[in-house]
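The values are calculated or read from the model by the stated rules, or taken from the named source; none is laboratory data. Keep in mind that what you see is a predicted model, and the values were worked out from it rather than measured. Using ideal geometry, Cβ is built from the backbone for each residue, glycine included, and neighbour counts are taken over all protein chains shown. Note: accessible area is taken over every heavy atom of the protein model, side chains too, but ligands, DNA and RNA are not part of it. Shrake-Rupley method; radii C 1.70, N 1.55, O 1.52, S 1.80 Å.
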Amino acid sequence: MDHPVNFTALAALRPGDAREDLSRALGARWCEPAPHQQGRVTALSKQHGFEAQIDTAGRIGAIRYREPFPAAPGVLGLRIGMPVADALAALPQLALSHRAPVYDSMYFVADVSHATKLALEFRWQELYAISLRNPAAVYPDKQPMAYPVAAGASGAPNFKLAVMSSLLESGALDLAEPGDLAAFVLKRAVDLEEDGYDLISDAYDYLVRYPLTEADLAKVEAITFDGGSEIYPYCYYFWDGESEEFDISSTAGIGLCQNLRQLTCIAMIERLDAADLVGLGKLETLQLPSVCDNPGRLLELPALKKLTFPETGIRDPALIAALKARGVAVRIDA
């Protein structure tokens, strides 16, 4: 049985609670922290803005709720997105810690108890993050990441990176931090402030040969081609998205992502062959790049509900009409 996440239970957690309380609240998303994570539980970090850290005593030492964590459960009478004035009214003991110009940020702190410190981050006058921690908590030492052995080579390496980015962003893939991967492949200590201004070819070669399994690919529900995706700092830490190292020339193999529901082409790809998409029975939302080869094959996507493309993407009025007749919402960007 797939036990769902209990967001109300997550909102009720506090430092000092047992790891079993966290496990129950996370349901099927619970995963024992790996040795390199120092007790951090990050399965919901990217999708739902929740993470926690377990101390060496097996209890929660720190919790963080941030956007887009649901506002409804509330944490200590606070909710993500609430205005500064409402938060101060809910917790009058809050004291301004400091301000920062980035995001027009404001930071407040308060003592919840002798063992729990509260910190709030506001962005543009709205509550963005709630952090609770036990300042006396001791966490496990960081251990080296156990990276799997690379195997084979990808026929469409830059497309594979986009798939891996989807897994990273959903929390289904753990690569530790970019510096950890660089140190692993280079077999030396790495300072990305110095080494991160160029492509680390050994890191790139490892990623495109990373052994993704069928189970991994089954977890891919959305793929976005965009220079801001999370995978690229792992092989080019300070990449600005302007050069062509990661351009995607082929989407061969996308059919292996059988649960794909959304494909978005923002950048890094100029043309897409619709024939590659045939067989993706759950694909609902598709944003095409400048050129679509074999666009008639789009009619073979049974779940397609929303299609967006530039004027150059599809030039056949009859095909557009046929898609609309099937109930596809079509948007043409000028």
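Meeting the requirement of 1 or more residues that are closer than 25 Å to residue 123 by Cα and β-branched (Val, Ile, Thr), the helices (runs of 4 or more DSSP H) wholly within the stretch 1-97 are 7-12, 84-90. Taking the criterion of being touching a residue at least 24 places away in the same chain (Cβ under 8 Å) and of a type in the set (Asp, Glu), the only residue of the stretch 19-44 that qualifies is 21. Please find, within the stretch 97-110, the residue that is nearest to residue 55 (Cα to Cα) out of those that are of a type outside the set (Phe, Trp, Tyr), in contact with a strand residue (DSSP E or B) (Cβ under 6 Å, 6 or more places away or on another chain) and open to solvent by 50 Å² or more (accessible area, probe 1.4 Å). Applying the filter and picking the extreme gives 109. Mind listing just one residue for me: the one in the stretch 111-139 that is open to solvent by less than 50 Å² (accessible area, probe 1.4 Å) and outside any strand (DSSP E or B) and, of those, farthest from residue 58 (Cα to Cα)? Taking the candidates together, the pick is 115.
Scanning the stretch 168-184 for residues that are at negative phi, surrounded by fewer than 21 Cβ atoms within 10 Å (Cβ to Cβ) and either in a loop (DSSP other than H, G, I, E, B) or in contact (Cβ under 8 Å) with a residue 12 or more places away in the chain (or both) returns 168, 169, 170, 172, 173, 174, 175, 177, 179, 180, 184. Residues in the stretch 205-224 that are open to solvent by less than 40 Å² (accessible area, probe 1.4 Å) and within 22 Å of residue 268 (Cα to Cα): 206, 207, 208, 210, 217, 220, 223.
Determine if the stretch 140-152 includes at least one residue that is buried (at least 20 other Cβ atoms within 10 Å of the Cβ), at negative phi and either in a strand (DSSP E or B) or modelled with pLDDT of 95 or more (or both). Taking every residue of the stretch 140-152 in turn, none turns out to be buried (at least 20 other Cβ atoms within 10 Å of the Cβ), at negative phi and either in a strand (DSSP E or B) or modelled with pLDDT of 95 or more (or both). Is it the case that the stretch 239-259 has a residue that's free of Cβ contacts under 8 Å to residues at least 40 places away in the same chain, in a helix (DSSP H, G or I), small (Gly, Ala, Ser) and over 30 Å from residue 290 (Cβ atoms)? No, there is no match, as no residue in the stretch 239-259 is free of Cβ contacts under 8 Å to residues at least 40 places away in the same chain, in a helix (DSSP H, G or I), small (Gly, Ala, Ser) and over 30 Å from residue 290 (Cβ atoms).
Hey, any hits in the stretch 121-136 for a residue that's in contact (Cβ under 8 Å) with a residue 60 or more places away in the chain and farther than 22 Å from residue 48 by Cβ? Scanning the stretch 121-136, I find at least one residue that is in contact (Cβ under 8 Å) with a residue 60 or more places away in the chain and farther than 22 Å from residue 48 by Cβ, so the answer is yes.
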